[in-house]
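**Q** One structure coming up, written as structure tokens, with questions to follow.
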Ligand SMILES: Cc1cc2nc3c(=O)[nH]c(=O)nc-3n(C[C@H](O)[C@H](O)[C@H](O)COP(=O)(O)O)c2cc1C
Ligand SMILES: [Fe+2]
Ligand SMILES: [Fe+2]
């Protein structure tokens, strides 16, 4: 909407100039976004002016209008690229065209990506490394390399004077909101932050672990990520990350299944009831309609993965195979699994899935493959499977 130019001062002369993408409904062609998302960009005004990250290219005009409401575009001295992904770096070329003297501040790993993806000439780049500073006059920016949260080139930027930490995707959430700060958004926030963490950070949890230490060492008073709300209570998101990365796994299993005629689903129900009776919470997902973000979020603290996939033309049903692709991508902390399946004449899905899960480093606790819908005896075997998984989960947690 032309004419509307909301900006928010998050610290003295440090402004949010980001945009809300209220109507985006799918991110990365994979994850449903019930509340849309936002792309956060920040303007730091000292004697010199720095812009930290830009926005999705669809919103470049809105970003330029917001900056222009606070300073002349030609006065931008630095554009800091914490992350080269187009949802944040996609408007860099627009901004740099309006600010001919501006340098792009980035890590050495980011330079070739900025060149190829965003058309920035090397002469306009200023490569920084861990601990480097830029004095703006009245404000000091410090750079903290934090690779692989999300891409290899990522870094954090601090405004030392105000203890603001621009953390890029780290600590982000897909959540469009008319209010900016975490306390204003309320309880709805952390579930979204957790889904975001699960999809973007959990696959490279060792790097997330290192990045969390680096973020803590900055002792931020404000955490300003590149998606979703700004935390003026940084402990809230830092302790959540601590728990998600390092906390104990729960007495919980995620069950992923598909069933054409209901046979595999009957096994799923029997296994779930059995786990429940043993005090283990099971979160079932029918893969035909499941949201990968929801699956990922439940994987953060689950102890086991249970896969139910019938045989189709000698192979696991392709929708069931998609669960294996998702597990390969998400790399959850749970490393034990069970497989159950139904077939019509000769089966085969279980053996193929077992080999694939082995390859992903899973310990297979149990398998069950039956012909057609389960008989009473086969249902009893499913109940036994549930008991076995429950015992293993309890033992692994020392309870
Ligand atoms: C398109 C199609 C292909 C199938 N291919 C096989 C197969 O290769 N081998 C087999 O043993 N059963 C095969 N079946 C039979 C199913 O695996 C069997 O009906 C099973 O009980 C279905 O489980 P569900 O009710 O959980 O979907 C096939 C069924 C369909 C519909
Ligand atoms: Fe990203
Ligand atoms: Fe992002």
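The values are calculated or read from the model by the stated rules, or taken from the named source; none is laboratory data. What you see is a predicted model, and the numbers here were worked out from it, not measured in a lab. Backbone-built Cβ (ideal geometry, glycine too); neighbour counts: all protein chains shown.
**Q** For region 196-211, does any single residue satisfy the condition of being more than 22 Å from residue 333 (Cβ to Cβ) and crowded, with 17+ Cβ neighbours inside 10 Å?
**A** Checking region 196-211: not a single residue is more than 22 Å from residue 333 (Cβ to Cβ) and crowded, with 17+ Cβ neighbours inside 10 Å.
**Q** Of the residues 108, 93, only one is within 22 Å of residue 169 (Cβ to Cβ), in the same structural domain as residue 146 (by TED's automatic domain parsing) and either within 16 Å of ligand 3 (Cβ to nearest atom) or not in a helix (DSSP H, G or I) (or both); which? Steps first, answer last, please.
**A** Details: 93 fails: either within 16 Å of ligand 3 (Cβ to nearest atom) or not in a helix (DSSP H, G or I) (or both).
So the residue among 108, 93 that is within 22 Å of residue 169 (Cβ to Cβ), in the same structural domain as residue 146 (by TED's automatic domain parsing) and either within 16 Å of ligand 3 (Cβ to nearest atom) or not in a helix (DSSP H, G or I) (or both) is 108.
**Q** Something else: Which one of these is over 17 Å from residue 149 (Cα atoms) and either touching a residue at least 40 places away in the same chain (Cβ under 8 Å) or in the same structural domain as residue 43 (by TED's automatic domain parsing) (or both): 213, 250?
**A** On inspection, the qualifying residue turns out to be 250.
**Q** Quick check on my filter: what residues within region 135-176 are part of a loop (DSSP other than H, G, I, E, B), within 22 Å of the chain's Cα centre (by Cα) and surrounded by fewer than 21 Cβ atoms within 10 Å (Cβ to Cβ)? Please lay out each step first, then the result.
**A** The initial filter retains those residues of region 135-176 that are part of a loop (DSSP other than H, G, I, E, B), namely 136-139, 146-154, 163, 169-176.
So of that shortlist, the ones also within 22 Å of the chain's Cα centre (by Cα) come out as 146-154, 169-176.
Answer for region 135-176, where residues must be part of a loop (DSSP other than H, G, I, E, B), within 22 Å of the chain's Cα centre (by Cα) and surrounded by fewer than 21 Cβ atoms within 10 Å (Cβ to Cβ): 147, 148, 151, 152, 176.
**Q** Would you check which residues across region 286-311 are within 15 Å of ligand 1 (Cβ to nearest atom) and touching a helix residue (DSSP H, G or I) at 6+ places or on another chain (Cβ under 7 Å) and list them?
**A** Residues satisfying the conditions are 287, 288, 306, 307, 308, 309, 310, 311.
**Q** What number of residues within region 62-80 are touching a residue at least 40 places away in the same chain (Cβ under 8 Å) and in a loop (DSSP other than H, G, I, E, B)?
**A** 2
Conditions (1) touching a helix residue (DSSP H, G or I) at 6+ places or on another chain (Cβ under 6 Å); (2) more than 18 Å from residue 166 (Cα to Cα); (3) surrounded by fewer than 18 Cβ atoms within 10 Å (Cβ to Cβ), marked per residue:
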site: 23; (1), (2), (3): no, yes, yes
site: 46; (1), (2), (3): no, no, no
site: 55; (1), (2), (3): yes, no, no
site: 71; (1), (2), (3): no, yes, yes
site: 79; (1), (2), (3): yes, no, no
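**Q** If a residue counts only when it is more than 16 Å from ligand 1 (Cβ to nearest atom), farther than 25 Å from residue 142 by Cβ and within 14 Å of the chain's Cα centre (by Cα), which helices (runs of 4 or more DSSP H) contained entirely in region 182-251 have at least 1 such residues? Give the derivation first.
**A** Numbers: elements: 182-185, 189-196, 205-217, 234-246.
Qualifying helices (runs of 4 or more DSSP H): 189-196, 205-217, 234-246.
**Q** Suppose we keep only residues that are crowded, with 21+ Cβ neighbours inside 10 Å and not in a loop (DSSP other than H, G, I, E, B) within region 271-284. Which one would you say is farthest from ligand 3 (Cβ to nearest atom)? Quick ask: steps written out before the conclusion?
**A** Start the filter on region 271-284 by keeping residues that are crowded, with 21+ Cβ neighbours inside 10 Å, which leaves 271-272, 274-275, 280, 282.
Of the ones still in play, those that are also not in a loop (DSSP other than H, G, I, E, B) are 271-272, 274-275, 282.
Values: 271: 37, 272: 35, 274: 41, 275: 36, 282: 32 Å.
Only one residue tops the list, namely 274.
**Q** Take residue 38 and decide whether it is out of contact with any helix residue (DSSP H, G or I) (no Cβ under 7 Å at 6 or more places or on another chain), surrounded by 20 or more Cβ atoms within 10 Å (Cβ to Cβ) and either within 18 Å of residue 23 (Cβ to Cβ) or in the same structural domain as residue 150 (by TED's automatic domain parsing) (or both).
**A** For residue 38, the condition - out of contact with any helix residue (DSSP H, G or I) (no Cβ under 7 Å at 6 or more places or on another chain), surrounded by 20 or more Cβ atoms within 10 Å (Cβ to Cβ) and either within 18 Å of residue 23 (Cβ to Cβ) or in the same structural domain as residue 150 (by TED's automatic domain parsing) (or both) - is met.
Here is a yes/no grid of residues against (1) in the same structural domain as residue 230 (by TED's automatic domain parsing); (2) in contact with a strand residue (DSSP E or B) (Cβ under 8 Å, 6 or more places away or on another chain); (3) part of a helix (DSSP H, G or I):
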{"residue": "24", "(1), (2), (3)": "yes, yes, no"}
{"residue": "29", "(1), (2), (3)": "yes, no, no"}
{"residue": "54", "(1), (2), (3)": "yes, yes, no"}
{"residue": "60", "(1), (2), (3)": "yes, no, yes"}
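**Q** Oh, and also: Could you tell me whether residue 224 is under 25 Å from residue 88 (Cβ atoms) and in contact with a strand residue (DSSP E or B) (Cβ under 9 Å, 6 or more places away or on another chain)?
**A** Details: under 25 Å from residue 88 (Cβ atoms): yes; in contact with a strand residue (DSSP E or B) (Cβ under 9 Å, 6 or more places away or on another chain): yes.
The answer is yes for residue 224.
**Q** Out of 143, 156, 170, I need the residue that is touching a strand residue (DSSP E or B) at 6+ places or on another chain (Cβ under 8 Å), within 13 Å of ligand 2 (Cβ to nearest atom) and at pLDDT 95 or above. Which one?
**A** Of the residues listed, the single one that is touching a strand residue (DSSP E or B) at 6+ places or on another chain (Cβ under 8 Å), within 13 Å of ligand 2 (Cβ to nearest atom) and at pLDDT 95 or above is 170.
**Q** Kindly evaluate residue 168 against the criterion of being within 16 Å of ligand 3 (Cβ to nearest atom) and within 29 Å of residue 6 (Cα to Cα).
**A** Working: within 16 Å of ligand 3 (Cβ to nearest atom): yes; within 29 Å of residue 6 (Cα to Cα): yes.
Yes.
**Q** Search region 111-134 for residues being within 20 Å of residue 49 (Cβ to Cβ) and in a loop (DSSP other than H, G, I, E, B), and hand back the single one that is nearest to ligand 1 (Cβ to nearest atom).
**A** 120
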